[in-house]
Amino acid sequence: MRRDRSKRFLAAFATAALSVVTGCGFSDTGGGGRGQTLNWYVFNEPGGANEEAIKKCNEESNGRYNIAYRRLPTDANQQRELIVRRLAAEDSTVDLVGMDVIWTAEFAEAGWIEPWEGDRALAATEGKLEGPRKTVEYQDKVWAIPFTTNTQLLFYRKDRVEEPPEDFTWDQMIEQAAADGKAIEVQAAQYEGFTVWINSLIAGAGGQVVDEEGDVNVGPSATKAGEIVSELANSAAAPPGMANNKEDQARIGFESERSNYQLNYTFIYPSAAENVGEDFQKKIGWARYPRTVADMPSRPPLGGINIGVGAFSEHKDLAFEAAQCLAQPANQAVASELGGLPPTTESAYGLAKVEKALPFADLLRESIEEGTPRPVSPAYSDISLAIQKTYHPPENVEPDKVRDKLEDRLKKAAEGKIF
Amino acid sequence: MEATTAQPAATKAPAPKKAKITERARAERKLAYLLCAPALIAMLIVTGYPIGYAVYLSLQKYDLRFPDEKEFVGLSNYSDVLTSSIWWDDVLTTTIITLASVAIELVLGMAIALIMHRAIFGRGPVRAAILIPYGIVTVVAAFAWRYAFDPSAGFVQGTFLLGDDAAPLTERAGSLVVIILTEVWKTTPFMALLLLAGLSLVPDELHEAAKVDGASTVQRFFRITIPLMKPAILVALLFRTLDAFRVFDSAFILTGGANRTETVSILGYNVLINRVNLGLGSAVSVLIFIAVILIAAFFVKVLGTSTAQQRGEV
């Protein structure tokens, strides 16, 4: 009996060890088919959309290639950390990279991804919405193919507040929510999502932090952004724990009925039905991102995933082909259906699957078209860190000093100093 | 080997007599060096090389994103770090966390060590129960504390400890308190274990004798237990201070360095891993390493800590 058990244990151990070894060596064929294995490093999409896309492309390749799903964490900072380590070490197993839209300039400048040239560049950008298309361009070259995109909408409680007018501003929203004694859910922890918010506020006042040449150029809109952040954080409309809230805390807060407004990505809509119920979901209305200043249209944030080809891959031609296959409209539609992620290809919005999955598809498309990218710079992560540190914690922001502080930090970042 | 280290004045053990080194002793010593060599070489490879490489990197301008701009810049990375207010702010934060957590751990750890030492029944279960926090991965423990203090999901809100809308992790003082509590909760068992080892070195006869002379429990604790345990206490403090100064996981999970709770290790992480600025980041790491060496030197030279005594080898 005893020996039996120890034998079984040994066998289990050996199997586990073996799978670890093969896992590291990438000698497995991933999807189980034949052909050249291409590793796709991309965030682990919980709805299963990436798996579906891989399955479809592996079938369509007729055994020429076989994409293996290498899952990265869902948090953008952690994804970048892991993939940057591989790319900086010139890892030849990185064939395909699922890149957050903010990485393009950094990866291109460092020579970690291959440019798309000629017909490939055309294939990558043809028929794409303008917002996502711009996120794959850097210094007049195309560096990836847009796969999915994302933007934030203003979700509100139809049963409690009136439909926001077209020129609804942050100031009006804060005033109204404070009067009602209900919160506005935002992302204000010190992390990438906070940069997303600040960047949209700054762009909404016509400003920027880095100009088209990539030089630091902080305009007066940084002050206006500081005013809004500080006003919300110090008003009755500030949600509990605001300075620590990310997307999920905002979602949970809205679902707990403590708030009338929420700025968030579209995943909160299916979640409302799953976590609270269909009745609650019916109470949710949506509108365009609020304005920073009354006389200028808002600039909603722009997110999403582009697919790039690793510069150190030994199978680049196949990888380009596979990237185009993965990013095809049919797969984008599946990503909408399973993951709630809006398509980057214009024509995909006409597909029945997308219309069904995204009842707010028209508004999304408008928001994406007019969305604001985050600063395009090879030192993006420094810029983002500088923005986060300058505006955090929200309740202590001093609007009249915030512009100088941000400029100072960004200059230090550009010089490669400590900030 | 420890027997040849300097004898601090704390213990009154007689100095070993200098014996003549015989032929045999010399051969044995040679064998000892040979036997130690593989371990020493392995240590050099896994610790010596990385440290040397970090020092080398810290003298370069080297950003992974701009590999073409790599050049030797001497000590300019160090002057960048040492002249920035961020570094000194982070040193202050780290020092606050270190001093507060180690002080609380010492008091709590001593109490727990006394309990473990005196436990009459259920010794095993008591020790196991006390050790559980130390066995939990720091990141997991930090997440537990973060969720406990989360305003929407946590259970601490609304209890007698905190008001309904308090959110300690959103402001500096509150965040520091939670980080310190997490550190204390997690590493007090380690402190207690080291102190327990020291307690078992205190001979019972001394207590008996003091009791006969009419010393009270408090007097015996402060006059007999503490002085005899001093080497053990110092070693425990040394280990914990070195650990605490490098605090990363709990602060990283709880606040991510927000609300001015950035510790020096988080600064190093941001520069090295997030900004992939290897030169500047290595300078930060080397400075942390130097700080740690200074702390160790202070304990060893000024307070006379010796790891040999703690193990009862003197």
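Using the Cβ atoms and a cut-off under 10 Å, what net charge is assigned to the surroundings of A:I83, where Lys and Arg are +1 and Asp and Glu are -1?
Once positives and negatives cancel, what remains is +1.
So, with a 1.4 angstrom probe, what is the percent of accessible area on the range B:80-134 that is carbon and sulfur?
Ligands and nucleic acids excluded, carbon and sulfur give 79 percent.
Can you check how the C-alpha radius of gyration of the range A:281-419 compares to 2.2 N^0.38 Å, as a plain ratio?
1.38
Which net charge results for the neighbourhood of A:E117, defined as the other residues with beta-carbon distances under 14 angstrom from its beta-carbon, given Lys and Arg at +1 and Asp and Glu at -1?
-2
Please give the helix A:380-391 orientation as an angle from the longest Cα principal axis of chain A, in degrees from 0 to 90, rounded to the nearest 10.
30 degrees
Calculate, for B:A210 and B:V137, the FRET efficiency according to 1/(1 + (r/R0)^6) with r their C-beta to C-beta distance and R0 60 Å; round to the nearest 0.05.
The pair B:A210/B:V137 has a calculated efficiency of 0.85.
Label B:L303 and A:Q172 with points 7 Å out from Cα along Cα→Cβ: what is the distance between them in nm?
6.3 nm
Using label points projected 7 Å from each Cα along Cα→Cβ, tell me how many nm separate B:W88 and A:A123, to one decimal.
For the pair B:W88/A:A123, the computed spacing is 5.9 nm.
Based on the Kirkwood radius over alpha-carbon pairs, what value in µm²/s does the Stokes-Einstein equation return for the translational diffusion coefficient of the range A:196-268 at 20 °C and 1.002 mPa s?
It comes out at roughly 155 µm²/s.
Pick out, in residue order, every one of the trypsin sites (Lys or Arg not before Pro) in the range A:157-215 that is DSSP loop and has at most 16 other C-beta atoms within 10 Å; say none if there are none.
Sparse-neighbourhood loop trypsin sites (Lys or Arg not before Pro): A:K158, A:R160.
Hey, can you find the accessible area per residue of chain A for me, probe 1.4 Å, expressed in square angstrom?
41 Å²
Calculate how steeply helix A:76-88 sits against the longest principal axis of the alpha-carbon atoms of chain A, using the helix alpha-carbon long axis, and give the answer as 0 to 90 degrees to the nearest 10.
For helix A:76-88, the angle is close to 40 degrees.
Return the distance in nm (one decimal) between the two label points of a simple spin-label model at A:S92 and B:I96, each offset 7 Å from Cα along Cα→Cβ.
5.2 nm
Gain in length, A:R71 to A:E369, computed as 0.36 nm per residue apart minus the alpha-carbon separation, to one decimal in nm?
104.3 nm
May I ask you to find the residues of the range A:239-253 that are shielded by at least 20 Å² of accessible area once the whole protein assembly is considered instead of their isolated chain (probe 1.4 Å)?
A:P240, A:G241, A:A243, A:N244, A:Q249, A:I252
Whole angstrom only: what separates the Cα centroid of the range A:353-393 from the Cα centroid of the range A:181-234?
12 Å
Counting only other chains, and only Cβ atoms inside 10 Å, what mean value do you get across the residues of A:103-110?
Averaged over the peptide's residues, the number is 2.
Roll a 1.4 Å probe over the protein heavy atoms and report the accessible area of B:Y134 in Å², nearest 10.
For B:Y134, solvent-accessible area is about 90 Å².
Residue farthest toward the positive end of the dipole of the protein assembly as shown, with Cβ of Lys/Arg at +1 and Asp/Glu at -1: which of B:I224, B:F252, A:Y69?
Comparing the listed Cα positions along the dipole, B:I224 ranks first.
Would you kindly work out the equivalent ellipsoid of the range A:82-182 from its C-alpha gyration tensor and give its semi-axes, the square roots of five times the eigenvalues, largest first in whole Å?
Semi-axes (√(5λ), whole Å): 41, 17, 11.
Using amide H atoms built 1.01 Å from N in the peptide plane, name the residues 5+ places from A:Y65, or on other chains, whose amide H lies under 5 Å from its own.
A:Q36
Which lysines does B:K61 reach when only Cα atoms under 19 Å apart count, and residues fewer than 8 places away in its own chain are ignored?
Correct list for B:K61: A:K411, A:K412, A:K417, B:K70.
Efficiency by 1/(1 + (r/R0)^6): what FRET value for B:S79 and A:D248, r their Cβ-Cβ distance, R0 = 35 Å, to the nearest 0.05?
0.25
Name the long-range amide H neighbours of A:I113: under 5 Å, sequence gap of 5 or more, or other chain; modelled H, no Pro or chain starts.
A:A311
Taking loop as defined by DSSP and a crowding limit of 15 other beta carbons within 10 Å, which trypsin sites (Lys or Arg not before Pro) in the range B:52-94 fit?
B:K70
What Kirkwood hydrodynamic radius do you get for chain A when you take the inverse of the mean 1/r over all pairs of distinct Cα atoms, in Å?
About 22.6 Å for chain A.
Helix A:329-339 versus the longest principal axis of chain A: what is the Cα-based angle in degrees, 0 to 90, to the nearest 10?
Roughly 70 degrees, rounded to the nearest 10.
Could you do me a favour and compute the accessible area per residue for chain B, 1.4 Å probe, result in Å²?
On a per-residue basis, chain B sits at 55 Å².
For the pairing of chain B with chain A, what total accessible surface becomes buried, with a 1.4 angstrom probe, in square angstrom to the nearest 100?
By this definition, chains B and A bury close to 2500 Å².
For chain B, what is the convex hull volume of the alpha-carbon atoms per residue, in Å³?
Cα-based convex hull of chain B, divided per residue, equals 205 Å³.
Set the bar at 24 Å for Cα to Cα. Now go through A:K224/A:K389; A:K55/A:K134; B:K230/B:K301; B:K186/B:K301; A:K182/A:K282 and name every pair that lies beyond it.
Among A:K224/A:K389; A:K55/A:K134; B:K230/B:K301; B:K186/B:K301; A:K182/A:K282, the Cα-Cα distance tops 24 Å for A:K55/A:K134; B:K186/B:K301.
Can you give me the % of accessible surface on chain A that is carbon or sulfur? Probe 1.4 Å, all protein chains present, nothing else counted.
47 percent
Say R0 is 51 Å: what FRET efficiency, to the nearest 0.05, do B:A173 and B:L31 get from their beta-carbon distance?
Taking R0 as 51 Å, the efficiency between B:A173 and B:L31 is 0.30.
Around A:A386, with a cut-off of 13 angstrom between Cβ atoms, what is the net charge of the other residues, counting Lys and Arg +1 and Asp and Glu -1?
+3
Over the range B:256-302, what percent of the accessible surface lies on carbon and sulfur atoms, probe 1.4 Å?
78 percent
The values are calculated or read from the model by the stated rules, or taken from the named source; none is laboratory data. Given the structure is predicted, the values throughout are model-derived calculations rather than measurements. Backbone-built Cβ (ideal geometry, glycine too); neighbour counts: all protein chains shown. Only protein heavy atoms, including side chains, enter the accessible area calculation; ligands, DNA and RNA are left aside. Shrake-Rupley method; radii C 1.70, N 1.55, O 1.52, S 1.80 Å.
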